[in-house]
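Engineer: Following this message is one structure expressed as structure tokens.
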Amino acid sequence: MARYGMAIDLNRCFGCQACASACKVANNLPRDLVYNVVYTKTDDDYSTLGLSTLKGALTNDVAGGNYPDCTLSFLPFQCQHCEKPACLDVCPTGATQKREDGIVWVDPELCIGCESCIKACPYEGVRTLISDEASYYLDVVVGEFDAPVHKAGTVEKCTFCKNLVDRGEVPACMQLCPGRARYWGDLDDPESEVAKAIEGRETLRLFEEAGTEPNVYYLK
């Protein structure tokens, strides 16, 4: 069985938001719901990305420093599909589940919207409660035919596009990336694209001190 993961090259990402847009469309996400965002980082020191420092270092499209010595770096941010997800054990109904291939997802038929998973997850903002009936920018349904169903009173998050993965495709966020900043595949397969991307590179994983062992790697 594969153990899926993703690597994101911070040197290749230039903040175009194509990944976020592709995700939004492919999953037919409602107005106020996003699975994937690209933050602007106000410095280029990624070694400080810990539980207590991340929020202060991230903005939306604002450079750091003082003119003319300004810094503009980017950090794509989504569910980290952890090896030991903090959200899993706190879910009272079993709605949050981890597949054998490592993908963490939420079953909307079991979710009661209690927000326990949101509070337990150290990656603030990757899970969202749909509190009201979903509304959309368009009057027509877009995206994949098997895109997630967005139900009021349930929690949603990035699924690594498990519907695409199950039919042999890659997550939507990778398909339109003009910088080719993302790599996908089986972390346990040394011949996979993601394993080759990580090999020999300096990497970091967000909030490792939380003990969740995320399966999204950032290449420096």
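Engineer: Within segment 189-206, how many residues turn out to be open to solvent by 80 Å² or more (accessible area, probe 1.4 Å) and part of a loop (DSSP other than H, G, I, E, B)? Can you show your working first?
Structural biologist: Residues of segment 189-206 open to solvent by 80 Å² or more (accessible area, probe 1.4 Å): 190-191, 193, 196, 199-202.
The next check asks that each one be part of a loop (DSSP other than H, G, I, E, B); those that pass are 190-191, 199-202.
Number satisfying all stated conditions: 6.
Engineer: I need every pair where a residue in segment 6-19 that is more than 21 Å from E193 (Cα to Cα) has its Cβ under 9 Å from the Cβ of a residue that is of a type in the set (S, T, N, Q), sequence separation at least 6 or different chains.
Structural biologist: These pairs meet every condition: G15/T40; G15/S73.
Engineer: Between residues in segment 103-127 that are without any contact (Cβ under 8 Å) to a residue 24 or more places away in the chain and residues that are open to solvent by 40 Å² or more (accessible area, probe 1.4 Å) and not in a loop (DSSP other than H, G, I, E, B), which pairs lie under 7 Å by C-beta distance while being six or more apart or on different chains?
Structural biologist: From residues that are without any contact (Cβ under 8 Å) to a residue 24 or more places away in the chain, the pairs are D107/Q97.
Engineer: Out of all the residues in segment 181-188, is one or more open to solvent by 70 Å² or more (accessible area, probe 1.4 Å), touching a residue at least 40 places away in the same chain (Cβ under 8 Å) and not in a loop (DSSP other than H, G, I, E, B)?
Structural biologist: No, there is no match, as no residue in segment 181-188 is open to solvent by 70 Å² or more (accessible area, probe 1.4 Å), touching a residue at least 40 places away in the same chain (Cβ under 8 Å) and not in a loop (DSSP other than H, G, I, E, B).
Engineer: Could you tell me whether G94 is surrounded by fewer than 18 Cβ atoms within 10 Å (Cβ to Cβ), at pLDDT 95 or above and over 18 Å from the mean Cα position of the chain (by Cα)?
Structural biologist: When the stated conditions are applied, G94 passes them.
Engineer: While we're on this one: Of everything in segment 128-143, what is at pLDDT below 95 and not hydrophobic (A, V, I, L, M, F, W, C)? Give them in sequence order.
Structural biologist: Hits for segment 128-143 are S131, D132, E133, S135, Y136, Y137, D139, G143.
Engineer: Same structure, new question: Condition (residue is farther than 28 Å from I112 by Cβ, open to solvent by 30 Å² or more (accessible area, probe 1.4 Å) and part of a loop (DSSP other than H, G, I, E, B)) applied to segment 145-167: is it met by at least one residue?
Structural biologist: The answer is yes, given that some residue of segment 145-167 is farther than 28 Å from I112 by Cβ, open to solvent by 30 Å² or more (accessible area, probe 1.4 Å) and part of a loop (DSSP other than H, G, I, E, B).
The values are calculated or read from the model by the stated rules, or taken from the named source; none is laboratory data. Given the structure is predicted, the values throughout are model-derived calculations rather than measurements. Note: ideal-geometry Cβ built from the backbone for every residue, glycine included; neighbour counts use all protein chains shown. Heavy atoms of the whole protein, side chains included, go into the accessibility calculation; ligands, DNA and RNA do not. Shrake-Rupley method; radii C 1.70, N 1.55, O 1.52, S 1.80 Å.
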